[in-house]
Structures are given as structure tokens and as C-alpha cells.
Amino acid sequence: MTFFEVLTAAINDFIEYGFDSQSRVDNWLKKIKEAAEKALMSEAQMQKEMEKSLNAAFSRLVTKGGLVNKEVSKYDIDRLKPKLRSELDRRIMASANLIKYNREQSITDVLRRFEGWATSIPKGGSLAVDRNKEKQNIKKSLAKMPFNQRRVVIDQTHKLISNINDIVAVDNGAIAGKWHSHWKQINYDYRKDHKERDEKVYVIRGNWASEKGFIKATNGYTDDITTPGEEVYCRCYYKYIYSLRKMPEEMLTKKGKLALQSSKIL
């Protein structure tokens, strides 16, 4: 029997007999749990999909040189490969735990909803029950699971990309990051504080330009706030700045402006 068929049978049973014993509830909880586990993508398959997405992102950025630009060379990327590979492995391990938790949580929610409803039906049953409404309510969290699974894949992939970009930027002397939010995108569920960060430049603490007194952290430092992708389903990102010439003028100190005027390489 499918999950929907098992749930329908369970609801019909309680409409007819009502809550007359805990054993009746437990018997149906067991059957519903087994059917729900079969209805969902297995943990192994979900993990396979996750690893496929993470490895594809890693390959695009690192193996195929997607991060290479005028500030970061292929040599720089190759040199960092072991460190970046460790970040990939760390993300894969974290995703496995997340997948297991989300799956268990969805099934637990279905069982909780069913038990709460079933134990409210008086002994002897009830004719005042909207079967379809109750079925939709009980299976709600399970019905959203495929969508949530896809969101987890996307979220974990974005976190990997964000962390790889951060590692490469800091290692290659980036001095700041300009925050970019997708708040203007239609139907994007942005965070208000992330919208407020949009287009603002945050200084990377301890960078060479700060140590020389060339720049000031007008908006604060990158470690003063959450990083792009750190919070669940955040798709913000930094565009990293490596030179004084690309810093906002108001963030340059007097010393920094003088250094910029006298140098062609800063």
C-alpha cells in the first residue's frame, strides 16, 4: 500500500471506531511510519544527489578554473586545492547529518499530527470529520519534503561556493568584500538585515591595507556579521576587493589616498 492509502485507511478506522485504545493508535503509527519511509527518497539516494551537486560546484570552481581571474591565478587555485578539498569533504559530511535530520523530522511531524488527531476522536467514532481535510493536514510536512530536499541541496551547494570563495580571497590578499543581496529578485524571501547590507563594503580584518593604515572599516568588518550563505537558504555573496583603487573613496584614510596617488600598483 502507498503512504496515501495507509493514511486513508487509518483515518477511516478512527472515524468508525474512534480512540478506544492506545494500541489502536500505536498500530497505525507503525504502519504510517513504514509507509512514509518508503514514500520518501532514501537517505542514501538523497546523499548521492547532494554529493553530485557539491562535486559539480567544486569541479566548476576549482578543477576547471572558474575562480581564475586577474587577481587570482591558476597557480593560486592549484596551491589551495588541498585546503579547498577539505572544505568540500567537510560540507559533504555536514550535509549527511542534515539530510538525516530533515527526513526524521518530516516523518515525526506526520506521526505527531496523526496521533493528535486520532486521540481527539471520541470512542465509537464520529461522522463530523472532513476526511480529505484531515488527510491534507496530516501529510502536509511529508508533501513538502521533496521541495525541502531540493532546497537543502541548493543551500548546501551555495554554502560550499561561498566558503571556497572566502578561502581563495583571503589567501590571495583580498582587503574587503562588497555584499550583494538578491532582495530585488521576485519571490526571493530575503532577510531585512541582508537587504540593508546590499552594496555595502566590509573590510577583512587583519588584511595588508588595514595593517598599513590605508583603509578604515566604515561599515565594519566581515567577521562582525554573518557571512553570505551562512544562514539557512541565504543566497547573498561577496564580490571581493583586492586593491585600494577599487575601494570606496570614503573608506580610504588620508594615508591611503597619498599612497594611492604615489603608486601604480595599489
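The values are calculated or read from the model by the stated rules, or taken from the named source; none is laboratory data. Here the structure is a predicted model, which means the values were calculated and not measured. For neighbour counting, all protein chains shown are included, and Cβ atoms are generated from backbone atoms with ideal geometry for every residue, glycine included.
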Tell me whether the stretch 37-57 contains one or more residues that are under 21 Å from residue 118 (Cβ atoms), surrounded by 13 or more Cβ atoms within 10 Å (Cβ to Cβ) and not β-branched (Val, Ile, Thr).
yes
What are the residues in the stretch 1-56 that are hydrophobic (A, V, I, L, M, F, W, C) and under 30 Å from residue 84 (Cβ atoms), if any?
41, 44, 46, 50, 54, 56
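Is it true that some residue in the stretch 108-116 is closer than 25 Å to residue 146 by Cβ, touching a Phe, Trp or Tyr at 6+ places or on another chain (Cβ under 8 Å) and in a helix (DSSP H, G or I)? Steps first, please.
From the stretch 108-116, those closer than 25 Å to residue 146 by Cβ are 108-116; that's our starting set.
Filter once more, keeping what is touching a Phe, Trp or Tyr at 6+ places or on another chain (Cβ under 8 Å): 114.
Right, trim to in a helix (DSSP H, G or I) and you get 114.
Among the residues of the stretch 108-116, at least one is closer than 25 Å to residue 146 by Cβ, touching a Phe, Trp or Tyr at 6+ places or on another chain (Cβ under 8 Å) and in a helix (DSSP H, G or I), which makes the answer yes.
Counting just the residues of the stretch 99-144 that are acidic (Asp, Glu) and without any contact (Cβ under 8 Å) to a residue 40 or more places away in the chain, which one comes out nearest to residue 37 (Cα to Cα)?
Residues of the stretch 99-144 acidic (Asp, Glu): 104, 109, 115, 130, 134.
Now drop any that are not without any contact (Cβ under 8 Å) to a residue 40 or more places away in the chain, which leaves 104, 109, 130.
Details: 104: 9, 109: 13, 130: 26 Å.
Going through the qualifying residues, I end up with 104.
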When you check residue 25 against the structure, is it modelled with pLDDT of 95 or more, in contact with a Lys or Arg (Cβ under 8 Å, 6 or more places away or on another chain), of a type in the set (A, V, I, L, M, F, W, C) and in a helix (DSSP H, G or I), yes or no?
no
So residue 79, is it touching a residue at least 60 places away in the same chain (Cβ under 8 Å), surrounded by 12 or more Cβ atoms within 10 Å (Cβ to Cβ) and part of a helix (DSSP H, G or I)
no
For the stretch 90-100, how many residues are surrounded by fewer than 12 Cβ atoms within 10 Å (Cβ to Cβ) and either among the hydrophobic types (A, V, I, L, M, F, W, C) or at pLDDT 95 or above (or both)?
1
State the number of residues belonging to the stretch 223-246 that are touching a Lys or Arg at 6+ places or on another chain (Cβ under 7 Å), within 21 Å of residue 69 (Cβ to Cβ) and either surrounded by 17 or more Cβ atoms within 10 Å (Cβ to Cβ) or free of Cβ contacts under 8 Å to residues at least 60 places away in the same chain (or both).
3
Against the conditions (1) assigned to a loop (DSSP other than H, G, I, E, B); (2) under 28 Å from the mean Cα position of the chain (by Cα); (3) not acidic (Asp, Glu), where does residue 54 fall short? Just the number, please.
(1)
For the stretch 31-85, enumerate the residues that are of a type in the set (A, V, I, L, M) and within 30 Å of residue 169 (Cβ to Cβ).
50, 54, 56, 57, 61, 62, 67, 68, 72, 77, 80, 84
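Can you find even one residue in the stretch 223-231 that is hydrophobic (A, V, I, L, M, F, W, C) and at pLDDT below 95?
Let us first name the residues in the stretch 223-231 that are hydrophobic (A, V, I, L, M, F, W, C), namely 225.
This time we only want the ones that are at pLDDT below 95, so: none.
No, the stretch 223-231 contains no residue that is hydrophobic (A, V, I, L, M, F, W, C) and at pLDDT below 95.
Before we move on, is residue 141 at pLDDT below 90, surrounded by 17 or more Cβ atoms within 10 Å (Cβ to Cβ), outside any loop (DSSP other than H, G, I, E, B) and of a type outside the set (Val, Ile, Thr)?
yes
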If we scan the stretch 258-266, do we find a residue that is surrounded by fewer than 21 Cβ atoms within 10 Å (Cβ to Cβ), of a type in the set (S, T, N, Q), at pLDDT 95 or above and farther than 30 Å from residue 46 by Cα?
no
The stretch 247-260 residues that are under 7 Å from residue 214 (Cβ atoms), paired with ones that are hydroxyl-bearing (Ser, Thr, Tyr) and outside any helix (DSSP H, G or I) (beta carbon under 6 Å, 6 or more apart)
none
Look at residue 113 and say whether it is of a type in the set (D, E, K, R) and either modelled with pLDDT of 95 or more or under 23 Å from residue 237 (Cβ atoms) (or both).
no
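Report, by residue number, each residue of the stretch 188-223 that is among the acidic types (Asp, Glu) and within 24 Å of residue 91 (Cβ to Cβ). Lay out the reasoning, then the answer.
Initial filter on the stretch 188-223 (among the acidic types (Asp, Glu)): 189, 193, 196, 198-199, 211, 223.
Listed by number, the residues that qualify are 189, 223.
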